[in-house]
Amino acid sequence: MHNCETLFLDAGGVLVWPNWWRIADVLRAHGIEVPAESLAQADPVVRQKIDWSDELTAVGDQKRGSHYFEMILAQVNVPLSDGIESALSALREYHATENLWEYVPDFVRPALVELRRRDLKLVVVSNANGTLLRAFTRLGLVPLVDVIVDSAEVGVEKPDRRLFDTALDRSGARRSTTVHVGDLYSVDVIGARNAELTGVLVDQADLYSSIDCLRIKSIAELPSLIGPL
């Protein structure tokens with residue numbers, strides 16, 4: 001990755017995660033007790049299940065999202081109920097306006113600062129719901145990146161190469177020196193390859209040991225992968 005000039009970064013699972021504490025509070029208000037930590041541990045397992053499911057990866061990100069929290073709850077052995085449906089409805093309503101992916105791990109900001117110190121252009125390329133810029137503004141992440149591309153505003157989603165092409169156009173990046181980093185192999189790595197980019201997979205829980213691409217556990221590893229200044 002020594003010739004890398006631009007990093008395309010997925011949002012969810014790379015820069016931001018669901019606010020499991022908010023989610024646990026909403027569940028509790030509807031009579032369901034699940035520790036936030038248990039939900040967080042279920043997350044990478046469920047994301048991999050979604051990644052490998054032809055049915056789910058074929059339907060688009062927003063429909064995948066409607067299954068996601070149900071799958072999280074199933075992973076922690078919480079059966080569906082009227083209370084669950086009410087809680088999920090409240091969570092979807094919040095996500096539609098504010099974005100539930102609002103937890104920023106401690107390693108994210110220092111990694112972004114270090115990557116920009118190395119003169120890398122940082123472009124967020126995300127399958128999102130139109131609230132990404134508002135959420136990143138609220139979270140204080142906008143000053144740490146150069147461009148934000150939200151699929152809902154473009155009208156196409158990864159792995160469609162047109163989203164990557166839009167990001168290349170908006171950022172002025174060169175295809176040959178751009179690397180995309182994401183957390184879903186079928187969406188991010190395959191999508192990057194569709195666009196003739198190098199794809200790097202964030203494998204948070206080391207679940208993809210046999211995959212045919214470069215893996216990292218978090219973007220904290222990117223500065224060392226790119227090499228010295």
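The values are calculated or read from the model by the stated rules, or taken from the named source; none is laboratory data. It should be emphasised that the depicted structure is a prediction, and the values quoted were computed from it without experimental measurement. A quick note on method: Cβ atoms are made from the backbone with ideal geometry, for glycine too, and the neighbour counts reach across all protein chains shown. Keep in mind that these areas ignore ligands, DNA and RNA; they rest on the heavy atoms of the full protein, side chains included. Shrake-Rupley method; radii C 1.70, N 1.55, O 1.52, S 1.80 Å.
Of all residues in region 120-139, those being more than 16 Å from residue 182 (Cβ to Cβ) and in contact (Cβ under 8 Å) with a residue 12 or more places away in the chain number 11.
In this structure, residue 24 qualifies as more than 20 Å from residue 159 (Cβ to Cβ), part of a helix (DSSP H, G or I), in contact with an Asp or Glu (Cβ under 9 Å, 6 or more places away or on another chain) and modelled with pLDDT of 95 or more. Those strands (runs of 3 or more DSSP E) of region 117-229 in which 1 or more residues are at positive phi are absent. Considering 147, 200, the condition of being closer than 21 Å to residue 2 by Cβ and in contact with a strand residue (DSSP E or B) (Cβ under 8 Å, 6 or more places away or on another chain) is satisfied by 200 alone. For region 172-218, filtered to residues that are closer than 23 Å to residue 151 by Cβ and charged (D, E, K, R), the residue that is nearest to the chain's Cα centre (by Cα) is 183. Residues in region 89-116 that are in a strand (DSSP E or B) and either acidic (Asp, Glu) or open to solvent by 60 Å² or more (accessible area, probe 1.4 Å) (or both): 102, 103.
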